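The values are calculated or read from the model by the stated rules, or taken from the named source; none is laboratory data. Fair warning: this is a prediction, and the values are worked out from it, not measured in the lab. Backbone-built Cβ (ideal geometry, glycine too); neighbour counts: all protein chains shown. SASA here: full protein model, heavy atoms, side chains in, ligands and nucleic acids out. Shrake-Rupley method; radii C 1.70, N 1.55, O 1.52, S 1.80 Å.
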Amino acid sequence: SRMVMGSSPLRIISTIILIVVALAWVVFLSNSASRNNYAVSPTRRSIRAHTITNQTISSTQSHHRSLFAGIQLERTTYKLPNAIEHNLIDWNNIPTEEGTTKDLPIFWHVLKSGGTTIKLMYAQCYHLVEACETGELIDANQNQQEQGQQPQLPPILEGKPQEDHPSPWEWMQQQQQQQQVQVDANPDQQRRLETQQKNQLRVVLSEDGRKYVNVDTSTPEGILKASQLGFASSHLADVMFTPLLSESAELLLDANSLGRMFALFRHPVERVISIFYYLQGATWEPTYNPEYAQWTIDDYARSPYCESNWMVRSLTNKMTGPLSGDDILVAKEVLRRKCLVGLMEGMDESITRFHSFFRFGDEDALKCSREQFANKGAGTNSHSHPTLDQTSETWAILAQKNTLDIRLYEYAQELFEEQGKWLKKQKLI
């Protein structure tokens, strides 16, 4: 009897301990499940790791409009430059003729990636009115002609490279340099030119009939001037070309005049090599260095003048200072959401996509473009130069200095494939 009475409290205590242990185990399993769900949620993880205030773009929301379930970025919360976010339309928002806004196609000109070819193609085959750097110079020449002076107009290339003549873009740079020398020598000439200029936007014609708005969208000064003249509301241009995407989106676009970004991309190392050989003789360029004429590509690669991650810097508006892992993610997001991607190595396909998407012209215009501009080596701003062995130390140095741009280029290649599938599904190509 005493043993039974003495053992009852032990049984009760044991039962209580088992209940407590069981409850603790249930709580533990519940917390583990919660943690596992949290770990596989990139949205929740990114918000916890990096909280962004101000203008935050959630890819979780944009995935409802996204085309690329197969291309996932490392993070899903981004802060895009404000003007790019609000003044550039998401590329997969198909253009329509309805609505109160007039969308302006904006070609982001990544130098030495086929942009000059596209520029001349739209002028000659599609007869579009372009906003680039040529219009301002033609306007100045026409003002000189009104004074009885002999105008200097760009050469006619008929869509083909001519080794004996500079491209229109190179010629324009040369003329600007010569004009500046004349102005420096005669300040009165500058005052006369400023007086003659009407300070109003208009379409000007080149000698062979190409049409341009009388602005320069290739420099910060030119973009600011175009903005002050009311470029956004003028709707004079059919297409704009600029290497300065952020500045153009901020100053040349607004809620009633949105932009549609498209671009051609080239392997960054090949592009930098082409830039070096071009700069060896481009005395009119602001970045020209007379030492380049005596340098080798290896000298350039090892120098502080070597280009480094220009594309990522341009898209994030961080032209100086160090770049971070966040910057490449923002640059990728700009391309994913805003850019109709073309590839220089796929020029024919890229031209066809641009034609079908923007509906710039008829089949004759497309035929002209493919015959005169799609073939490899048909670039109007191309310069022959030695090739560089991809296994060489010099290539490795250039690649290391452009690591982020290479990652962005590889991402652009993926987007090119995915966009092609979507365009076919939408029966646009």
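Working ranking of peptides 209-217, 367-375, 406-414 by packing, defined as the average number of other Cβ atoms within 10 Å per residue, highest first, is 209-217, 406-414, 367-375. The alpha-carbon atoms of region 200-324, seen along their principal axes, cover 47, 42, 24 angstrom, with the largest extent given first. Heavy atoms of the protein chains alone define the surface here; on that basis region 262-416 has 43 Å² accessible area per residue at 1.4 Å probe size. The overall shape of region 290-429 is oblate: from the C-alpha gyration tensor, with semi-axes ordered a ≥ b ≥ c, the ratio a/c is 1.5 or greater and a/b is no larger than b/c.
Using the average count of surrounding beta-carbon atoms within 10 Å as a protection proxy, the listed peptides 257-269, 392-404 rank, highest first, as 257-269, 392-404.
For the pair residue 359 and residue 202, the difference between a 0.36 nm per residue extended length and the Cα-Cα distance amounts to 54.1 nm.
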